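A quick write-up on the structure given underneath.
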Amino acid sequence: MKIIDAHMHFSDNPGFCQVALAAKHENTSGHLVQAFKENNIVLGIAMGTRSRKEDPEICYPGIIDLAGEFDEKNYNQPSCIAYCAGVNGTKLNSGKMEATLEEYEKLLRTKQCVGIKLYPGYESIYPGDKRNYPFYELARKYDVPVVFHSGDTASSRGLLKYSHPLEVDEVAVAFPDVRFVIAHYGSPWIVDATEVAIKNDNVFIDLSGLAEGYFTAEEYCRKNRGYLEHLKTWMAYMDDYGKLMYGSDWPLIHISSYIGVIRSIIPEEHQEEVFFGNALRVFPKLNALL
């Protein structure tokens, strides 16, 4: 079965080195490309984080750089890696919004930039904050989805009120022709994320980041049986596996083990769409990269 990883990271951020080692991986481009081959992962969508430039008035896009300094004109990251341009919400108070949006449009005009990523919770700005609206307009213009960090934050300094999945409902209603993705199933607010996806045709869920570190699939399933049954219950309640996409949150997890965990909670007849087909519908620019 071919796999698309709809949520991962591809950054030279020093903090990811220790995280990768804890998951028995290396945070290097070559290591990840080999792991993709071994697990039949044909494409990954990396979430842009750090910006290439700093300016007090312009919010430059977060990009990917694990394979070297990012080159927007001559894409120099692996061909199996697409990305979402990250938004630093703390920079959106500036008066140079036109200049900011032009920086994002430069990337969205390229085939490798397949979405936009916002980080509520890590940043104190709600999805429904009007400062974000120009990015939703861009998503509509370029037919790309907007991915929200949702649920728990890796940092204790994050503010959970901003990352609650119910916050996505407001923008889904305001922008019915834009696709929105609730990352990490909004965990631990699985029930709320499920309801937002059921209610709104334009809301989808990725299954990344539901575990961390190294484990065997069997070990994780045994130790976390209650949590996984909870997930299965609400996925069955939603009764629409077309809403779900596989994602890993690499380098936070061991790739093959995490695939095994997610396969254990997705009915076999829906695995191809969850692991592959749904990402092509939610991120249509991926089709040109296959």
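The values are calculated or read from the model by the stated rules, or taken from the named source; none is laboratory data. Keep in mind that what you see is a predicted model, and the values were worked out from it rather than measured. Here the Cβ positions follow ideal geometry from the backbone for every residue, glycine too, while neighbour counts run over all protein chains shown.
Restricting attention to segment 230-248, the residues being in contact with a helix residue (DSSP H, G or I) (Cβ under 6 Å, 6 or more places away or on another chain), aromatic (Phe, Trp, Tyr) and assigned to a helix (DSSP H, G or I) number 2. Pairing residues of segment 46-75 that are at positive phi with residues that are among the hydroxyl-bearing types (Ser, Thr, Tyr), at Cβ distances under 9 Å and at least 6 apart in sequence or on separate chains, gives Gly68/Ser29. When the residues of segment 1-32 are narrowed to those that are in contact with a helix residue (DSSP H, G or I) (Cβ under 9 Å, 6 or more places away or on another chain) and of a type in the set (Gly, Ala, Ser), which ends up surrounded by the most Cβ atoms within 10 Å (Cβ to Cβ)? Among them, the one singled out is Ala6.
Select from segment 33-62 the residues that are crowded, with 18+ Cβ neighbours inside 10 Å, in contact with a Cys (Cβ under 9 Å, 6 or more places away or on another chain) and either at pLDDT below 95 or closer than 20 Å to Asp5 by Cα (or both) and list them in ascending order. Selection gives Phe36, Ile41, Leu43, Gly44, Ile45, Ala46, Met47, Gly48, Ser51, Gly62.
Yes or no: segment 103-115 includes at least one residue that is free of Cβ contacts under 8 Å to residues at least 60 places away in the same chain, more than 15 Å from Val203 (Cα to Cα), part of a helix (DSSP H, G or I) and touching an Asp or Glu at 6+ places or on another chain (Cβ under 8 Å). Looking for residues that are free of Cβ contacts under 8 Å to residues at least 60 places away in the same chain, more than 15 Å from Val203 (Cα to Cα), part of a helix (DSSP H, G or I) and touching an Asp or Glu at 6+ places or on another chain (Cβ under 8 Å), one finds at least one in segment 103-115, hence yes. The residue that is nearest to Thr49 (Cα to Cα), counting only those in segment 130-153 that are in a loop (DSSP other than H, G, I, E, B) and free of Cβ contacts under 8 Å to residues at least 40 places away in the same chain, is His149.
Condition first: over 21 Å from Arg131 (Cβ atoms), in a loop (DSSP other than H, G, I, E, B) and of a type in the set (A, V, I, L, M, F, W, C). Now tell me which residues in segment 64-90 satisfy that. Answer for segment 64-90, where residues must be over 21 Å from Arg131 (Cβ atoms), in a loop (DSSP other than H, G, I, E, B) and of a type in the set (A, V, I, L, M, F, W, C): Ile64, Leu66, Ala67, Phe70, Cys80.
Considering Tyr126, Tyr185, which residue is crowded, with 23+ Cβ neighbours inside 10 Å and touching a residue at least 24 places away in the same chain (Cβ under 8 Å)? One residue alone meets the criteria, Tyr185.
Can you find even one residue in segment 170-178 that is outside any helix (DSSP H, G or I), buried (at least 17 other Cβ atoms within 10 Å of the Cβ) and not aromatic (Phe, Trp, Tyr)? Checked segment 170-178: at least one residue is outside any helix (DSSP H, G or I), buried (at least 17 other Cβ atoms within 10 Å of the Cβ) and not aromatic (Phe, Trp, Tyr).
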